[in-house]
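Readers should treat all values here as calculations from the given coordinates under stated rules, not as data from a laboratory. In this text the structure is predicted, and so the values were computed from the model without any measurement. As a convention, Cβ positions derive from the backbone with ideal geometry for all residues, glycine included, and neighbour counts pool all protein chains shown.
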Amino acid sequence: MSNKMWGGRFADGPDAIMEDINASIDFDRHLYRQDIAASKAHAAMLGKRGIISANDAAKIAQGLNTILSEIESGKLTFKRALEDIHMNIESRLAELIGPAAGRLHTARSRNDQVATDFRLWVRATIDAIDAALLAYQQALAEKALEHAATVMPGFTHLQTAQPVTFGHHLLAYVEMAARDRGRFKDARKRLNESPLGAAALAGTAFPIDRAMTSDALEFDRPMANSLDAVADRDFVLETLAAASIAAVHLSRFAEEIVIWTSPLTGLLTLSDRFTTGSSIMPQKRNPDAAELVRAKTGRIVGALQGLLMVMKGLPLAYQKDMQEDKEGAMDALSALSLSIAAMTGMVRDMAPDAARMRAAADGGYATATDLADWLVMTLKMPFRDAHHVTGRIVAKAAADGVALHDLPLPAMQAIEPRITQAVYDVLSAENSVKSRVSYGGTAPKNVRREANRWLKALVPRFRSS
Ligand code: ARG
């Protein structure tokens, strides 16, 4: 039997393999809410413009409401033979309201329909991700405030570099998440134009009102070019690009959690709630959630690469290739949401081992720069000379197996006779971080101020939809 939605010129139905490769209902079913909302807006507009009767428009709206509750209560079974969400809903509408259902698709095509639905879906997903990132930032800022003065080693090349505070480190991720939210916000702004009414590709001869459907769906305006409206998937690409960068940020933090919870460093403990055991080694506390956040970056970035390849070289306007935009994006964005939630949970529960952090900051000659700076400030040495003198003092401390602040004054004076007892003030990690008061620096009072500023600034941006 040929397809009842488009099979007029077909004698035969599709091969089973044709149906398999063609059907998208297994994933575009997630668009049901958006498809129904867009159809309701379209039908109301057709009624208002006298393109269909007010009576038919009302019947269509009622039928669509029924379908919405049928889907939400799990009563409607989708059929693969009907290909996609659009035709499943339209076919159910025909069962419910009869011939009036056939008027819904006037002045519309599945091409503008799917573009509209997916824009609405991506928009709602961006709003949910924004809210999740905000909660993540709040968790980070709260923990940062708590640990504004908790000294830990800061690293470059993963070598102990200079003391920082744990709070300062956490606030770095708040900044990254803020830029991530900015990227999603930009993507949202550009995607928020309505393709509906572009029809198949060329617009329509019916006297439609595109501004009306655009307003009803809370788009900012109708898209200006009908070919672009049905052929554009920038909105998915941009969102996946924002998601990829956000995922890369999460993966960096996840990696640090893995390193810091390893007994090799022991700088951090995760709660039992975000740790798993080993089936053979009873002592293990594995940071699986952090590892999986690190790993999920792969599929998120993969979805971006995948869709870029799908879109590359596609002629205008709609091509069926574009149906491949959904699975990867839906998977990637749900992986990102899950990753953000997992990171938020880990941050809330994480407990730094302040003593070990402190010992690590003391142990790695982390205040060597403070010593060099002291030589510059107090003895007016050029920084390069101070760097060299400090290097010799560090070598002496290393040879004697002591920390910088435990190296006796005569040992230092043997290298630079003008050094005085006062130097010891700058050799403690506490004093080091306290001195870093430059804007953006790690001084506890800076961290407290920044954490408080964030906690005040972090208010939900979009209504959640
Ligand atoms: N399932 C299709 C998609 O996601 C809907 C649009 C189909 N359009 C068409 N001309 N066959 O792209």
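The angle separating the long axis of helix 54-72 from the principal Cα axis of greatest extent in the chain is about 50 degrees. Pairs spanning more than 21 Å between alpha-carbon atoms, out of LYS48/LYS75; LYS4/LYS48; LYS143/LYS434: LYS48/LYS75; LYS4/LYS48. The chymotrypsin sites (Phe, Trp or Tyr not before Pro) of the range 391-465 that DSSP puts in a loop, and whose beta carbon has at most 12 other beta carbons within 10 Å, are TYR439.
Axis of helix 166-191 versus longest Cα principal axis of the chain: the two differ by about 20°, to the nearest ten degrees. Short-range pairs are left out: with C-alpha atoms under 8 Å and at least six residues apart, the relative contact order of the chain is 18 percent. Using a ≥ b ≥ c from the Cα gyration tensor of the range 1-64 (square roots of the eigenvalues), is it rounded, prolate or oblate, where a/c under 1.5 gives rounded and otherwise the larger of a/b and b/c decides, a/b for prolate? Oblate, since a/c reaches 1.5 and b/c is not below a/b.
Taking other Cβ atoms within 10 Å as a rough exposure proxy, ARG181, ARG33 sort from fewest to most as ARG33, ARG181. Here is the list for the range 7-57: chymotrypsin sites (Phe, Trp or Tyr not before Pro) lying in DSSP coil, each with at most 15 other C-beta atoms within 10 angstrom of its C-beta, are PHE10. Note: relative contact order over the range 1-117, using C-alpha pairs below 8 Å and six or more positions apart, is 32 percent.
Neighbour counts of C-beta atoms inside 10 Å place THR390, THR160 in the sequence THR160, THR390, starting with the fewest. Ratio of the chain's C-alpha Rg to 2.2 N^0.38 Å, to two decimals? Expressed relative to 2.2 N^0.38 Å, the Cα Rg reads 1.34.
Sites listed here are trypsin sites (Lys or Arg not before Pro) in the range 357-417 whose DSSP assignment is loop and whose Cβ has at most 10 other Cβ atoms within 10 Å: LYS380. Based on Cα atoms of the range 54-166, Rg over Rh with Rh as the Kirkwood radius reads 1.37.
Remark: LEU158, LEU76, LEU104, LEU227 ranked as LEU158, LEU227, LEU76, LEU104, counting other beta-carbon atoms within 10 Å and listing the fewest first. Placing pseudo-labels 7 Å out from each Cα toward the beta carbon at LYS48 and THR269 gives an inter-label distance of 6.2 nm.
Positive end of the dipole of the range 192-269 (Cβ unit charges, origin at the Cα centre): among SER244, SER214, PRO195, the Cα lying farthest that way belongs to SER244. The long axis of helix 32-48 is offset from the longest Cα principal axis of the chain by roughly 50 degrees.
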